[in-house]
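Working notes for the structure below.
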Amino acid sequence: MSTKQVIELTEAAAFQVKEMMAHNEEEGSYLRVAVKGGGCSGLSYGMAFDTERNDDDFLDEQYGLQIIVSKEDAGILQGTKIDFKQSLMGGGFTIDNPNALASCGCGTSFKAATREGTPEVCD
């Protein structure tokens, strides 16, 4: 496993992730950022807590969080910025990926040049 910054997490996003970790009793876990097939445009983002890392995962630490990204997903996620925005309607993570050719209105689905994905009907 190597150390490499693949994604940039803002301080607001890191704070929210830490709050979620505490709420779910996941302190000490890694934050895994991933890409999977699906969504309106063929690919979708995933973020989850993980207690294990794989040998080919890239590891980075930002704001006291250990972030892991698989080698397979690193190319598509390289340079991606994850933020957390709070508004009167609630809050949510925003993802700005410079590698996305097109994004869906939902904000979590995208199309990339290097991976097709499997588009689904949006709800």
Just for strands (runs of 3 or more DSSP E) wholly inside segment 1-65: which have at least 2 residues that are aliphatic (A, V, I, L, M) and closer than 19 Å to F93 by Cα? 7-9, 30-37, 43-50
State yes or no: is K71 within 18 Å of F93 (Cα to Cα), of a type in the set (K, R) and either surrounded by fewer than 20 Cβ atoms within 10 Å (Cβ to Cβ) or at pLDDT below 95 (or both)? no
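Which members of segment 74-107 meet the condition of being part of a loop (DSSP other than H, G, I, E, B) and either modelled with pLDDT of 55 or more or open to solvent by 80 Å² or more (accessible area, probe 1.4 Å) (or both)? Lay out the reasoning, then the answer.
Applying the first criterion (part of a loop (DSSP other than H, G, I, E, B)) to segment 74-107 yields 78-79, 88-89, 97-99, 104-107.
Listed by number, the residues that qualify are Q78, G79, L88, M89, N97, P98, N99, C104, G105.
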Within segment 1-28, track down each residue that is open to solvent by 80 Å² or more (accessible area, probe 1.4 Å), within 20 Å of E72 (Cα to Cα) and modelled with pLDDT of 95 or more. E8
If a residue must be touching a Gly at 6+ places or on another chain (Cβ under 9 Å) and open to solvent by 80 Å² or more (accessible area, probe 1.4 Å), how many such residues does segment 41-64 contain? 1
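The values are calculated or read from the model by the stated rules, or taken from the named source; none is laboratory data. The structure presented is a predicted model; accordingly, all values stated were derived computationally and were not measured. Positions of Cβ are backbone-derived with ideal geometry, glycine not excepted, and every protein chain shown enters the neighbour counts. Keep in mind that these areas ignore ligands, DNA and RNA; they rest on the heavy atoms of the full protein, side chains included. Shrake-Rupley method; radii C 1.70, N 1.55, O 1.52, S 1.80 Å.
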